Amino acid sequence: MASPQEILEWIKRDNIQMIDLKFIDTPGTWQHLTLFHDMIDESSFSEGVAFDGSSIRGWKAINDSDMAMVPDPDTAWIDPFMAEPTLSMICSIIEPRTGQPYSRDPRSIAQKAIDYLQASGIGDTAFFGPEAEFFLFDDVRYDQTQNAGYYYVDSDEGVWNSGREEYNPTTGKGGNLGYKPRNKEGYFPVAPTDTLQDIRTEMLLAMKHCGVPIEKHHHEVATGGQCELGFRFASLVKAADYLLTYKYCIKNVAKKHGKTATFMPKPIFGDNGTGMHCHQSIWKDGQPTFFGNEYAQLSKTAMHYIGGLLKHAPSLLAFTNPTTNSYKRLVPGFEAPVNLAYSQGNRSASIRIPLSGDSPKAKRLEFRCPDASCNPYLAFAAMLCAGIDGIKNEIDPGDSLDVDIYELTPEELAKVPSTPGSLMDALKNLETDHDFLTAGGVFTEDFIENWISYKLDREVIPVSIRPHPYEFALYYDC
């Protein structure tokens, strides 16, 4: 791990002029402040750098707005997207009057989840491996006024463009060359159908430059430029740091190539949405705790962890699937993981036990509901809290479901619990079921109340009171 002294020596040795401090707001978007290098000294790593928190979404009132961001020296990297050499660091937020972590800072909440795990005696490390999908579009336009509302996205790979007159830069002539991935046929095609190989490689290498331990990349299932990059699992806070760096690199490399990236769960109709399957496990004293003699070589600890996830999923989704658009993906009858069940290797279950062989270190579970619109610090912390509650209370997850859930009869399917049908439903569940989050002081009542209020006032209600374009097709002639 890097020390403050090592960072200061790095700045001096390489004559780095600018320092960029990044932190996350409540909904999950990076914010930043850029300083001249002599504004950073050793005290900055303990006392923080002052800023006004009143304009950050979901944070302070204007009459109590002084905050301080404390850079984590272990997150330092040279930003590949800045013209001037710029050292970037991720920050946690403290109250400058007390020096204590700010109770609404998502990164501090994630650290408190680890503190709670360690205090419980269950383990000392929680590993998370998120798999965030995204779309690369060549054009996006949207607007909402009093008398109009629309969105328009386009991709050169979109199957809807199979009949479009196109320009060929190689020949300088028009003409469509075809090779558009059909709906649900975008998984793993080679070039020329996959046109995004070089861009994904550049994204992956940019992530490596920023300290993310990279693994792979590939085209995803949907038409219209759906992709995924992979990085190795990491401890909870670091995994969230990596995920934000992942999104930052993807968006900026896309922009460099005249494209735009989105992590919206459901940006196009009629094809797969975008999820973020989350692999997770708990370790103690350097040893995995999820390997054992139960179902699929899981331990009782892991089975109870699953029980906690399944029990609290209806409220958990208020953090793991926190947008109104999230529930356009989580629709029954399609391939989305809406059924709250677990299974070995079965991707139609909301919790999958990957077929990882006989290695105890590889034993983990995969929660398939989340999407990348979430704030990862909050989502990972909430999942861990649900799992800890399951372990502490020895919650039985019930029987596994090892059949294709989508082949079940309506009578059989009715016995399987399902995810909430809307963000409103998830928030209602969170309101009545959140003791597992406040246990150990990880989340505060204030944070949960603020989260529910923010989501209702800024997202649920504004969306619910606006006419939908398809409503005109359905009802204009009524």
- Query: Over all distinct alpha-carbon pairs, what is the Kirkwood Rh of the chain in angstrom?
  - Reply: 23.8
- Name the shape class, rounded, prolate or oblate, that the alpha-carbon gyration tensor gives for the range 340-478, where a ≥ b ≥ c are the square roots of its eigenvalues, rounded holds for a/c under 1.5, and otherwise prolate holds if a/b is larger than b/c and oblate otherwise. oblate
- Item | Peptides ranked, highest mean first, by Cβ atoms within 10 Å: ranges 420-432, 229-241 | 229-241, 420-432
- State, as an integer percentage, the relative contact order of the chain based on alpha-carbon contacts under 8 Å between residues 6 or more apart. 14
- Task: Taking the dipole about the Cα centre of the chain, with the C-beta of Lys and Arg at +1 and of Asp and Glu at -1, give me whichever of ILE11, TYR179, PHE263 is farthest to the positive side.
- Result: TYR179
- the range 292-432, relative contact order in percent, only Cα pairs under 8 angstrom and at least six apart counted: 38
- Query: Roughly how many nanometres apart are two label points built 7 Å out from the Cα toward the Cβ at ASN393 and ASN293?
  - Reply: 2.9
- Whole-percent carbon and sulfur share, accessible surface of the range 104-225, 1.4 Å: 52
- Item | Gap separating the Cα centres of the range 274-337 and the range 338-407, nearest whole Å | 3
- With a sphere of radius 12 Å drawn around the Cβ of HIS218, what net charge do the other residues whose Cβ falls strictly inside it have (Lys, Arg +1; Asp, Glu -1)? -4
- Message: Using only DSSP helix segments of four residues or longer, with each worth -39500 (n - 2.57), what per-residue ellipticity at 222 nm results for the chain after dividing by its residue count and rounding to 500?
- Response: -9000 deg cm²/dmol
- Item | Whether the range 232-352 is rounded, prolate or oblate, judged on the alpha carbon gyration tensor where a/c under 1.5 counts as rounded | oblate
- Item | Sites GLN31 and SER453, calculated FRET efficiency, Cβ-Cβ separation with R0 30 Å, nearest 0.05 | 0.90
- Taking only protein heavy atoms and a 1.4 Å probe, what accessible area per residue, in Å², does the range 255-316 have with all protein chains in place? 39
- For the range 74-229, average projected area of the Cα convex hull in nm²: 16.6
- Message: Tell me the accessible surface of CYS478 in square angstrom (1.4 angstrom probe, heavy atoms of protein chains only), to the nearest ten.
- Response: 140
- Relative to the Cα centre, what is the charge dipole magnitude of the chain, using +1 at the beta carbon of each Lys and Arg, -1 at the beta carbon of each Asp and Glu, and rounding to the nearest 20 debye? 560
- Query: Which pairs break 25 Å Cα to Cα here: LYS251/LYS428; LYS238/LYS311; LYS284/LYS455; LYS208/LYS328; LYS238/LYS361?
  - Reply: LYS251/LYS428; LYS238/LYS311; LYS284/LYS455; LYS208/LYS328
- Item | Whole-number accessible area per residue in Å² for the range 97-216, which is evaluated in the context of all protein chains at 1.4 Å | 56
- Item | Inter-probe distance in nm under a simple model that places probes 7 Å from Cα toward Cβ, at GLU412 and ALA473 | 3.4
- Expressed as a rounded percentage, what relative contact order does the range 188-341 have, with Cα pairs under 8 Å and six or more residues apart? 14
- Task: Give the long-range amide H neighbours of GLY158: residues separated by 5 or more places, or on another chain, with amide H under 5 Å away, using H modelled in the peptide plane at 1.01 Å from N.
- Result: GLY224
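The values are calculated or read from the model by the stated rules, or taken from the named source; none is laboratory data. Remember, predicted model here, so these are calculated numbers, not experimental data. All Cβ positions, even for glycine, are placed from backbone atoms using ideal geometry, and neighbour counts span all protein chains on display. Just the protein is used for accessible areas: all its heavy atoms, side chains included, with ligands, DNA and RNA removed. Shrake-Rupley method; radii C 1.70, N 1.55, O 1.52, S 1.80 Å.
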